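Scroll down for the structure; my scribbles are underneath it.
All of the numbers you see were taken from the coordinates with simple rules; none came from a lab. Given the structure is predicted, the values throughout are model-derived calculations rather than measurements. Quick reminder, even Gly has a Cβ in these numbers, built from the backbone with ideal geometry, and neighbours come from all protein chains shown.
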Amino acid sequence: MTLNSLGLDTQKTKDLAGDLNRLLANFQTYYQNLRGIHWNIKGRQFFDLHVKFEELYDDANAKVDLIAERILTLGETPLHTFEDYVKQAKVPIGKNISQDDKAVRLIVDSLTELLKIERLILDKSDDANDEGTNSMMSDFITEQEKTIWMMKAWLNETV
């Protein structure tokens, strides 16, 4: 086993960076979805949802930066083209969504996909003794679980 300057196994670190790049691509897709629903939302819930969607896309944008910087910290290069994002994305793509219930559903479905990737990374980062990545995933998961709960409450659904 070869260790890098962070004291982490180089092969496990490389694998984690690949998973983080998949997460990055999916977060970029989620971010674009949020921008789209923020711009296009209509109806009686406009004022509340317009503000909420902006809050969510600002948060997603900050997370994109954190993920990219973690990939760099691990010694790899973050994906940065739309072509790469489209190839890696599992998050559903929302196009021309203006109805409140469809917009909120898109958020729930997107976060559900992100959580799958994050839980995989959490397990692998734990195995690699990579506390930096582990902590970031733990924080993301906690926040996104709460957002899903709130969005599902808005939809009048249970988790």
By residue number, the members of segment 40-91 that are over 22 Å from Ser135 (Cα atoms), of a type in the set (A, V, I, L, M, F, W, C) and out of contact with any Leu (no Cβ under 9 Å at 6 or more places or on another chain) are Phe46, Phe47, Leu49, Val51, Phe82, Val86, Ala89
Within segment 12-43, residues over 15 Å from the mean Cα position of the chain (by Cα) and free of Cβ contacts under 8 Å to residues at least 24 places away in the same chain come out as His38, Trp39
How many residues of segment 96-146 are of a type in the set (Gly, Ala, Ser), surrounded by 15 or more Cβ atoms within 10 Å (Cβ to Cβ) and closer than 14 Å to Leu20 by Cβ? The answer is 2
